[in-house]
Amino acid sequence: MIQPVLLWSDALLFVLIAAIVALVFWARRQDALRAAWGRVLKDGMAMAAATVLAVFVLIGLLDSLHYRARLPAQPGAAARYAVEVLSALDALLSDLRQRSEKTYSAPLATHLFAREALENSTQREFPRLKHGGAHLGADLSNHEFDIAVRVSRGCAGGLLVWLLLVSAWCRWRGVAVVEMLKVGACRPAVSTHPGFRFAAGERNPQQTESGTAIRPVFLTLLPILLLFGIAIAVGGGYHVFGTDKVGQDVLYLSLKSIRTGLLIGTLTTLVMLPLAVLLGILAGYVGGWVDDLIQYLYTTLSSIPGVLLIAAAVLMMQVVIDTHPEWFATSAERADARLLALCLILGMTSWTGVARLLRGETLKLRELEFVQAAQAFGVGRFAIMRRHILPNLMHIVLIALVMDFSGLVLAEAVLSYVGVGVDPTTISFGTMINTARMELAREPMVWWSLAAAFSFMFALVLAANLFADAVRDAFDPRASA
Amino acid sequence: MLAYIIRRLLYAIPILIGVNLLTFALFFVVNTPDDMARMQLGVKRVTPEAIEKWKAERGYDRPLVWNSAAAGGAKLTETILFSKSVRMFVGDFGRADDGRDIAREIGDRMGPSLAIAVPTFVLGLFVAISFALLLVFFRATALDISGVVLCVAMMSISGLFYIIGGQWLVSKVWHLVPISGYSGGFDAAKFVILPVIIGVIGGIGASTRWYRTIFLEEISRDYVRTARAKGLPERVVLFRHVLRNALIPILTGVVVVIPTLFMGSLLTESFFGIPGLGSYTIDAINAQDFAVVRSMVFIGSVLYILGLLLTDISYTLADPRVRLQ
């Protein structure tokens, strides 16, 4: 039926997910790691943030399963596939994707945003939307009522799903639902935020034996499910966030942007990590001219203002891509290559900070007894770096990974504005903001694409920031001292 | 100390040479001048003559590093590397694509950039430090917790939102100041005030949180306990002891950005239509004016290295125990 398409970024994303799963299994067997992750799991705020992140990741993953649909077969001809590359998310949202209007329309509107001359009248009027509110027919008097009904129906649906989830979980753990939801029964067990620590709460039904804070997860899921319910119920008949210049549904665009943000946030760090770890450890452990050379390298790179280096590199990459159109079979592939190149460039310009941190930490570790014992036993240099230094640096690497994520998501929007971001055809928060910005001068204002992009970005970045804080507090030995 | 400064300045030379070679490689080796010409003139239907003309006009028609056709020392000087990259060390940045002298343009645009960047920097520093001290004074209370939550929330908002939202609210709804533009003299105030306020608000979340961590780390030291044991009020402990001792980590992050203030802020300047270096750079990026981008990269790294040196010198001022050798 369909022809699966594996873009490079998809492959990398799946490799990343596989690596994370493998690491989880590995970490479960390590006492120190299990203790640190246990602290994260006990932190209510972190678990709530992780829930939001998980929803974003799920959407991003759905959007990474790409395929090309099969064209209607002609008798006798071999199967042919559409040029357009779609994703599983597109298939789920095919309603939203296909119901495009002519141009701007406000959220929940039934008419276009701009006046147009109608065929059989001399006046310019607001034409009806093709899809938004089309089910109402000619009678618009119950427009508000219809929306209210849909909102309550969506809420009811969301609530129902939530209750099902809660009761399923309670049955599995063998706790009464009432116990689980009782207000005040649970205080965050141990909040590891410096400055304000809560007393350790007694064991309560909201916690599993290991102390995982599960209640915040369900409390976060409730609003998310309600919003999903409303979006599905109202989105069935209207454009929840309106439509953009070419009439595309803004909700659809926002959901599609999530993948781009996630990719930039994760792949960039992934790309730079091997380099940063290798050079940082080498500089710290080997010392001598190797140290001098590596220090010179990262001082030089970090002395160039980040935006300018990125801009210069992206401009050059653009020339390379434009002068070699034969490298890419479809436009999706070209956009994907540009996205990956952007990740690579961002990674190349940002590895210096991590490398410097790792070098400093290696210098300290090198003098410790266990390393000297290994040296005395005649363990080789590279074996020491791999087996004794590297595991003791992993917390820095992990902290850098989670702390960088939110900054990179925000940077994408700025870079796209400057004109050195993702390909203009790639749907991202940056391109959404950039196209919406042009319309700010209009009267009345076209505010909905901007509002949608900013709120989605805010939710993603806030969740990432909160989660990163919890991870840092749990893993940074200084913070827990 | 003078010997130290001179040695540091000498260290800067290999780094600047590295920056120069890197940008040279980026701009001329990854893509040949022919590629750039084709890009500028439009990829399709470009005659070889047009490319040659474009290159000759801009001085890109010379060999990259070694001109075997020239005589004597000109073998090295009559090249792109020398004329475009090495000349930057003496402040000769060449001409932009529109034919204007880049060095002169930079001099003209420095003023407006500083008019925005300096007040934003000073005010932002002051507000963030006072806010952080306030949070530390009320540490582990509801005020502290809500302050930190507010900071994290403010950090999570895109910088573009502050600019777009602020412009819309203040200029469009309230009609307090013009949306964008700039003028010299005292008239500049009405154009400068909004970007400065937005810059301060946009940066406050991250910096307050950072200063708060520094202060909290400092407050758990022994000398603070001694000061309290002497019976000093908390206010005096914070301002006289903690603030002073926290200066070293604060200076590390702050002084290094002072020289880069010259560069201006890319986003603010282009949104508010301020004719500074930031908007110059953005325009150059959009117009793919490589000569300007290359010059700004070079200037940026010179300023950054200057900032590192200033940071070291500022340590000696903040902490008399620090000696530079």
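The values are calculated or read from the model by the stated rules, or taken from the named source; none is laboratory data. On a predicted model such as this, the values are computed, not experimentally measured, just so you know. We place every Cβ from the backbone using ideal geometry, glycine too, and count neighbours over all the protein chains shown. Side chains included, ligands, DNA and RNA excluded: accessible areas come from the protein's heavy atoms. Shrake-Rupley method; radii C 1.70, N 1.55, O 1.52, S 1.80 Å.
Restricting attention to the stretch A:212-221, does a residue exist that is open to solvent by less than 20 Å² (accessible area, probe 1.4 Å), modelled with pLDDT of 80 or more and either basic (K, R) or in contact with an Asp or Glu (Cβ under 9 Å, 6 or more places away or on another chain) (or both)?
No, the conditions are met nowhere in the stretch A:212-221.
Being assigned to a loop (DSSP other than H, G, I, E, B) and at the interface with chain B (Cβ under 7 Å from one of its Cβ atoms) narrows it down to one of A:V420, A:V414, so name that one.
Testing whether each residue is assigned to a loop (DSSP other than H, G, I, E, B) and at the interface with chain B (Cβ under 7 Å from one of its Cβ atoms) leaves just A:V420.
Residue under question is B:I179, and the condition is that it be touching a Ser or Thr at 6+ places or on another chain (Cβ under 6 Å), facing chain A (nearest Cβ under 10 Å) and in a loop (DSSP other than H, G, I, E, B); does it hold?
Yes: the conditions hold for B:I179.
Based on what the data block shows, is A:L136 in contact with an Asp or Glu (Cβ under 7 Å, 6 or more places away or on another chain) and open to solvent by less than 30 Å² (accessible area, probe 1.4 Å)?
Yes.
Here's the yes/no breakdown for (1) modelled with pLDDT under 80; (2) more than 30 Å from A:M180 (Cα to Cα); (3) touching a helix residue (DSSP H, G or I) at 6+ places or on another chain (Cβ under 9 Å):
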{"site": "A:A114", "(1), (2), (3)": "yes, yes, no"}
{"site": "A:E119", "(1), (2), (3)": "yes, yes, no"}
{"site": "A:K130", "(1), (2), (3)": "no, yes, no"}
{"site": "A:A138", "(1), (2), (3)": "yes, yes, no"}
{"site": "A:V161", "(1), (2), (3)": "no, no, yes"}
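Taking the criterion of being at pLDDT 90 or above, open to solvent by 30 Å² or more (accessible area, probe 1.4 Å) and more than 24 Å from A:S64 (Cα to Cα), would at least one residue in the stretch A:227-236 satisfy it?
Yes, because at least one residue in the stretch A:227-236 is at pLDDT 90 or above, open to solvent by 30 Å² or more (accessible area, probe 1.4 Å) and more than 24 Å from A:S64 (Cα to Cα).
List, please: which pairs have Cβ atoms under 6 Å, are six or more places apart or on different chains, and start with a residue in the stretch B:17-29 that is within 9 Å of chain A (Cβ to nearest Cβ) and β-branched (V, I, T) and end with one that is assigned to a helix (DSSP H, G or I) and buried (at least 18 other Cβ atoms within 10 Å of the Cβ)?
B:V19/A:T300; B:V19/B:S301; B:T23/B:R294; B:T23/B:V297
So which residues in the stretch A:159-177 are of a type in the set (V, I, T), under 18 Å from A:L226 (Cβ atoms) and open to solvent by 50 Å² or more (accessible area, probe 1.4 Å), if there are any at all?
The answer is A:V161, and nothing else.
Per-residue answers, yes or no, for (1) surrounded by fewer than 21 Cβ atoms within 10 Å (Cβ to Cβ); (2) within 14 Å of another protein chain (Cβ to nearest Cβ); (3) under 30 Å from B:S301 (Cα atoms):
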position	(1), (2), (3)
A:S303	no, yes, yes
A:A311	no, yes, yes
A:V320	yes, yes, yes
A:W327	yes, no, no
A:T330	yes, no, no
A:A337	yes, no, yes
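Of the residues B:A37, B:A56, which is in contact with a Lys or Arg (Cβ under 9 Å, 6 or more places away or on another chain) and either more than 30 Å from B:V257 (Cβ to Cβ) or not hydroxyl-bearing (S, T, Y) (or both)?
After ruling out the rest, the residue left standing is B:A37.
Please count how many residues of the stretch B:17-49 are out of contact with any helix residue (DSSP H, G or I) (no Cβ under 8 Å at 6 or more places or on another chain) and either open to solvent by less than 60 Å² (accessible area, probe 1.4 Å) or not in a helix (DSSP H, G or I) (or both).
Going through the stretch B:17-49 one residue at a time, the tally reaches 6.
I need the full set of residues from the stretch B:288-306 which are at the interface with chain A (Cβ under 8 Å from one of its Cβ atoms), touching an Asp or Glu at 6+ places or on another chain (Cβ under 9 Å) and either assigned to a helix (DSSP H, G or I) or at pLDDT 85 or above (or both), in order please.
Result: B:F290, single match.
Against the condition over 13 Å from the mean Cα position of the chain (by Cα), within 12 Å of chain A (Cβ to nearest Cβ), within 23 Å of B:R7 (Cα to Cα) and not acidic (D, E), how does B:L309 come out, does it pass?
Yes: the conditions hold for B:L309.
Quick test for you: out of A:L297, A:L344, pick the one residue that is within 14 Å of chain B (Cβ to nearest Cβ), open to solvent by 10 Å² or more (accessible area, probe 1.4 Å) and touching a residue at least 60 places away in the same chain (Cβ under 8 Å).
Just one listed residue meets the conditions, A:L344.
Please tell me if B:L194 is more than 10 Å from chain A (Cβ to nearest Cβ), surrounded by fewer than 19 Cβ atoms within 10 Å (Cβ to Cβ) and modelled with pLDDT of 90 or more.
Here the answer is no, as B:L194 does not meet what is asked.
Tell me the residue from B:L243, B:L251 that is aliphatic (A, V, I, L, M), touching a Ser or Thr at 6+ places or on another chain (Cβ under 7 Å) and either touching a residue at least 24 places away in the same chain (Cβ under 8 Å) or within 11 Å of chain A (Cβ to nearest Cβ) (or both), please.
Only one candidate qualifies: B:L251.
May I ask you to list the residues in the stretch B:194-213 that are more than 17 Å from B:S265 (Cα to Cα) and β-branched (V, I, T)?
Answer for the stretch B:194-213, where residues must be more than 17 Å from B:S265 (Cα to Cα) and β-branched (V, I, T): B:T208, B:T213.
Could you grab me the full set of residues in the stretch A:248-294 that are over 20 Å from A:I59 (Cβ atoms), touching a residue at least 12 places away in the same chain (Cβ under 8 Å) and within 14 Å of chain B (Cβ to nearest Cβ)?
Of everything in the stretch A:248-294, just one residue is over 20 Å from A:I59 (Cβ atoms), touching a residue at least 12 places away in the same chain (Cβ under 8 Å) and within 14 Å of chain B (Cβ to nearest Cβ), namely A:I294.
Can you tell me which of B:E52, B:E105, B:E57 is open to solvent by 50 Å² or more (accessible area, probe 1.4 Å), farther than 30 Å from B:W210 by Cα, modelled with pLDDT of 80 or more and part of a helix (DSSP H, G or I)?
B:E52
Looking at the stretch A:308-327, can you tell me whether even one residue there is in contact with a Ser or Thr (Cβ under 8 Å, 6 or more places away or on another chain), closer than 22 Å to A:A413 by Cα and not in a helix (DSSP H, G or I)?
The answer is no, given that none of the residues of the stretch A:308-327 is in contact with a Ser or Thr (Cβ under 8 Å, 6 or more places away or on another chain), closer than 22 Å to A:A413 by Cα and not in a helix (DSSP H, G or I).
This table checks each residue for (1) modelled with pLDDT under 90; (2) surrounded by fewer than 17 Cβ atoms within 10 Å (Cβ to Cβ).
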position: B:G99; (1), (2): yes, yes
position: B:F126; (1), (2): no, yes
position: B:S171; (1), (2): yes, yes
position: B:G205; (1), (2): no, no
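Which condition breaks for A:E179 when tested against (1) in a loop (DSSP other than H, G, I, E, B); (2) at pLDDT below 80?
For A:E179, the failing item is (1).
Could you check the stretch A:1-102 for helices (runs of 4 or more DSSP H) lying wholly inside it with 2 or more residues that are in contact (Cβ under 8 Å) with a residue 24 or more places away in the chain, surrounded by 13 or more Cβ atoms within 10 Å (Cβ to Cβ) and not charged (D, E, K, R)?
So the answer is A:8-28, A:31-42, A:44-62, A:88-92.
Quick test of your reading of the structure: A:I281 fulfils all but one of (1) surrounded by fewer than 20 Cβ atoms within 10 Å (Cβ to Cβ); (2) closer than 17 Å to A:W351 by Cβ. Name the failing condition by number.
Single failed check for A:I281: (1).
Please work out which residue is surrounded by the fewest Cβ atoms within 10 Å (Cβ to Cβ), limiting yourself to the stretch B:288-309 and to residues that are closer than 30 Å to B:K55 by Cβ and among the small types (G, A, S).
B:A291
Residue by residue through the stretch B:267-287, note down the ones that are crowded, with 24+ Cβ neighbours inside 10 Å, at the interface with another protein chain (Cβ under 10 Å from one of its Cβ atoms) and touching a Ser or Thr at 6+ places or on another chain (Cβ under 6 Å).
B:G278
Could you grab me the full set of residues in the stretch A:393-446 that are over 16 Å from the mean Cα position of the chain (by Cα) and aromatic (F, W, Y)?
A:Y417
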